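K.L.:
Okay, handing you the structure first.
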Amino acid sequence: MAIDFLSMMKEQKKSEEQASKKQNQETGTNTPKKEEKPKKAKETPKKEITGETYTYPFSLYTEGKTVDISDYGFEDNKAYAPKDICDIMLKHRHYEFAGDMTFKMFEDDNMLVATAKQYKKG
């Protein structure tokens, strides 16, 4: 019974569309199409670093050792957010940076210490 109702509705819709097309052809008018809104150009927001940043050059200490990052593409006197540092380190196959990392800078030694977030049960 439900199938009969659905097929009946489809046929009715088709007949209405055909009738409106026939009427438009006879009168010579076309039904106005819905106006398309002009697409706005996507603006690329300027990358503003807010919050905690670290200015290169610095040494990076993680997993119990100092990592040589001199050839990883860090630029001198540029501020890096923790997310940017994690992205660069992931590109160079330091997979411990895939999780949540916390960073602490020791100014005396110019050493940035990266620690993975610890998850505890209970």
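The values are calculated or read from the model by the stated rules, or taken from the named source; none is laboratory data. Computed from a prediction, not measured in an experiment: that's the story for all the values here. With ideal geometry, Cβ positions are generated from the backbone for all residues, glycine too; neighbour counts draw on all protein chains shown.
K.L.:
Applying the selection to region 41-64, what residues are exposed (fewer than 12 other Cβ atoms within 10 Å of the Cβ) and modelled with pLDDT under 60?
P.N.:
Ala41, Lys42, Glu43, Thr44, Pro45, Lys46, Lys47, Glu48, Thr50, listed by residue number.
K.L.:
Still on this structure: Give region 65-86 a look and list any residue that's closer than 19 Å to Lys104 by Cβ, exposed (fewer than 13 other Cβ atoms within 10 Å of the Cβ) and under 26 Å from the mean Cα position of the chain (by Cα), or say none.
P.N.:
Within region 65-86, Ala79, Lys83 meet the criteria.
K.L.:
Here is a follow-up. Give the residue that is surrounded by the most Cβ atoms within 10 Å (Cβ to Cβ), with candidates limited to residues of region 87-115 that are under 23 Å from the mean Cα position of the chain (by Cα) and of a type in the set (Asp, Glu).
P.N.:
Glu96
K.L.:
If the Cβ limit is 6 Å and pairs must be 6+ apart or interchain, which residue in region 89-110 that is in contact (Cβ under 8 Å) with a residue 12 or more places away in the chain and closer than 16 Å to Tyr72 by Cα pairs with which residue that is aromatic (Phe, Trp, Tyr) and surrounded by 12 or more Cβ atoms within 10 Å (Cβ to Cβ)?
P.N.:
Met89/Phe97; His92/Tyr72
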